[in-house]
Amino acid sequence: MTDRIEAAAAELRPLLQNFILWARENAPGSDSNLVGSVALWHRLIASDDVGRWKQSDLRTVLLDRMPQVVEDPDAAADGMVPAIRAYLTFLSESDHLAKGSASLGDLLAELDRLEDDFVDAMEDLVVEDDEDEEYDEEESEGLGDFEPFADELSELPTIRLRPDSELAAATRGTTLIAKARDLAVWVGTERRVGETSLLDDAEIVEALAVLKLPVPEKGGASLADSVPALWNIWNLAIDLDFLQPEGEDTVSVDADTAEWPFEEDDDALDAWMAGLHSIDYGDPELEDEEATIALSGLTRALLVRVLLATGSKPLAELRTELAEAAAEYDDLGTEAWSAATAQYGDPLNPVLDWLAGYGMVEVEHDQVRLTPLGMEGVVHLVDDADIELDARPAIDAMTALDLLSFGAELPEEEADAEFAAWMELRAPEQAARDLLEAAAEDDADALIRVQAASMVGSLGDVAVPAWREALDEPSLRPYAATHLAQLGVEDAPTPTQADTHWLILDMLTISAGLGRPEFVSSLDDIGNVPNLVSLLEVIWKVPHPHLEELLEAIGKAHPDKQVGKAAKRALFKARSGQN
């Protein structure tokens, strides 16, 4: 069966690569990654011709086979039928739907009829998976799964990330992105790609020369099947948007590709992030397809272990741990590890080569270390896996807005320590200005505003110049006037009733975000029912960004009908006043 799978996969690879290019332009909402398994099993159990599809094939593959082999039933339930619909459309429009196939209309109609049954089958698998997790919470999907390490990751000490300017500078030195650029520039404009291989043998030799990769010696496999490194860089060029589809069987270099490395930091970082998931291309590629699958996720497995070691771990320890993990996660893991050792000298060589080429790790004296760029990338991967991780900008690189944003979410004692460390690197008078300017960037963010006022207020007299300047900012004037009055500053304006009302609305905005009980409790803190009604009769005049939604919330949340009616009247006046 292994030989048949390898042969079918090789036969399908060019067609699927063409489909991926086509889908980016013609079916951008479909997940082309879900098509490969369906196309493979269609070839293995339903048809000896990858382009011949009958209506009955859809039932055979989707309902009989997919429930047995699908890896992520949740993702399949959401996206597989739309992906297959796009794939069948691609086959028809590119003349790959072979003689003897049903018409595209009949195939799509059959797909519609099967969709509910397929989704039900996938949902049944999801339920079964949930039940299995109850019995074995530690069971992992594979080597590259971060979930088994979730508790350890959440307990890591705070990870400090470098500023974007430093990270962008590091991206510009990544050799793999430079290779992807060179390959895309060589591809040029409107290069036709083949049906059996994206490039013919002569083109492959040219492309290898451009990338300074060796031409493999002639063997049993075709040249296209003997150059996985070329296709990995080709796929990276697609991930980076350096290569773009132009029609059904044509690909072109993107107009901006030759400008890499990009001058703007945001552009450079965005490009690097777009190719971040290319780390999976570092996994060993072996002659045996099942052995390759057994080691899939090895690159991610290495990254998470280095991260858990706070960014640096001996290569020998990694090799031992990952060999044991491969044996644990897959019955073929030990055999696959031996095969990778024979092919690469060390199964971790392709992993480390790719990660180093993408700027994420350095290996020195047999120690594997995450670079600042690598730390940034792993934090994003962990976040993509919905696992909590305490990662913040480095203190020396933390902006005032960063400090306010993180401080608002931290326990008071920890937020105070962060503020103290930040202040040690700054002149107090300028720090006060920076904090208030950051708070003024978004007048709708009451929490950031309150956080800034608290921090600046703790600086005392040194913050007076910053408070004076803040009097000209409507969202900060109430805080500035209040603090200047508390400091006894001569000629400072006296806080007005409107200032007090703004402060009340900020407080209510924050409590509303905490939930209904907290919101009602905040209303009770303002005073009894007559006081609330009196407040509502005048507060509607304040030009606060959350005024209307707060008045509406008071009308719904407060248990006293008198308050509710007053809130509705105030809401009507506020809306009428705007009109």
Using alpha carbon centroids, what distance separates the range 207-243 and the range 315-390, in Å? 22 Å
Computed over the range 351-402, the relative contact order (Cα-Cα under 8 Å, seq sep at least six) in percent reads 19 percent
Average Cα contact separation per residue, the range 337-481, under 8 Å, 6 or more apart, as relative contact order %: 14 percent
From the phi of every residue in the range 335-345, what ³J(HN,Hα) in whole Hz does the Karplus formula 6.51 cos²θ - 1.76 cosθ + 1.60 yield, where θ is phi - 60° and glycine or proline is x? 5, 5, 4, 5, 5, 5, 5, 5, 7, 10, x
May I ask for the angle, rounded to the nearest 10°, between helix 561-578 and the longest principal axis of the chain, with both axes built from Cα atoms and the value confined to 0 to 90°? 80 degrees
Mind putting a number on the dipole of the range 149-290 about its Cα centre? Charges go on the C-beta only, +1 for Lys and Arg and -1 for Asp and Glu, and I need it in Debye to the nearest 20. 620 debye
Using θ = phi - 60° and the Karplus form 6.51 cos²θ - 1.76 cosθ + 1.60, what ³J(HN,Hα) does each residue of the range 399-404 get, whole Hz, x for Gly and Pro? 7, 4, 5, 4, 4, 5
Give the span of the range 1-133's Cα atoms along each principal axis, as three whole-Å numbers ordered largest to smallest. 44, 33, 27
Test of the criteria: in the range 370-424, which GluC sites (Glu not before Pro) are in a DSSP loop and have at most 14 other Cβ atoms within 10 angstrom of their Cβ? GLU388, GLU409, GLU424
Long-range amide H partners of ASP254 with built H, under 5 Å: LEU243, GLN244
Which one of VAL542, ALA356, VAL126 is farthest out on the positive end of the charge dipole of the chain, using unit charges on Cβ (Lys, Arg +1; Asp, Glu -1) and the Cα centre as origin? VAL542
Keeping to pairs on different chains or 8 or more places apart, tell me how many lysine pairs in the chain have Cα atoms under 12 Å apart. 5
Compute the helix-to-body angle for 201-211: its Cα long axis versus the longest principal axis of the chain, expressed 0 to 90° and rounded to tens. 40 degrees
Rel. contact order, % - alpha carbon contacts under 8 angstrom, at least six apart, the chain: 11 percent
For the range 258-354, run through the GluC sites (Glu not before Pro) and keep only the ones in DSSP coil with at most 12 other Cβ atoms within 10 Å of their Cβ. GLU263, GLU264, GLU287
In whole Hz, with x marking every Gly and Pro, tabulate ³J(HN,Hα) for the range 547-552 from phi via Karplus 6.51 cos²θ - 1.76 cosθ + 1.60, θ = phi - 60°. 4, 5, 5, 5, 4, 5
Where the accessible area of the chain is counted over protein heavy atoms with a 1.4 Å probe, how much of it, in %, is carbon and sulfur? 47 percent
Considering only DSSP states other than H, G, I, E and B, which trypsin sites (Lys or Arg not before Pro) in the range 85-119 qualify as loop sites with at most 12 other Cβ atoms within 10 Å? LYS99
Environment charge of ARG575, counting only residues whose C-beta is closer than 14 Å and scoring Lys/Arg +1, Asp/Glu -1: +1
More than 14 Å apart - percent of Cα-Cα pairs taken over the range 239-307: 71 percent
Quick calc, the chain, dipole around Cα centre from Cβ unit charges on Lys, Arg (+) and Asp, Glu (-), nearest 20 debye, gives 2280 debye
Kirkwood Rh, Cα atoms: Rg over Rh of the chain: 1.06
Quick check: the angle from helix 348-357's long axis to the longest principal axis of the chain, C-alpha only, nearest 10 degrees? 50 degrees
Given +1 on the Cβ of Lys and Arg, -1 on the Cβ of Asp and Glu, and no further charges, what dipole in debye does the range 465-579 carry about its Cα centre, rounded to the nearest 20? 680 debye
Out of LEU298, MET273, PRO261 - ranked by how far each Cα lies towards the positive end of the dipole of the range 257-302, with unit charges on the beta-carbon of charged residues - the top one is LEU298
Measuring from centroid to centroid over Cα atoms, what is the spacing of the range 424-453 and the range 517-542 in Å? 28 Å
So for the chain, taking the charge dipole from beta-carbon charges (+1 Lys/Arg, -1 Asp/Glu), which of SER94, ASN528, PRO67 sits furthest toward the positive end? ASN528
In deg cm²/dmol and to the nearest 500, what is the mean residue ellipticity at 222 nm of the chain if only DSSP H runs of at least 4 residues count, each as -39500 (n - 2.57), divided by the residue total? -19000 deg cm²/dmol
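The values are calculated or read from the model by the stated rules, or taken from the named source; none is laboratory data. Computed from a predicted structure; not experimentally measured. Neighbour counts run over all protein chains shown; Cβ positions are idealised from the backbone, glycine included. Surface areas here come from the heavy atoms of the whole protein model, side chains and all, with no ligands, DNA or RNA. Shrake-Rupley method; radii C 1.70, N 1.55, O 1.52, S 1.80 Å.
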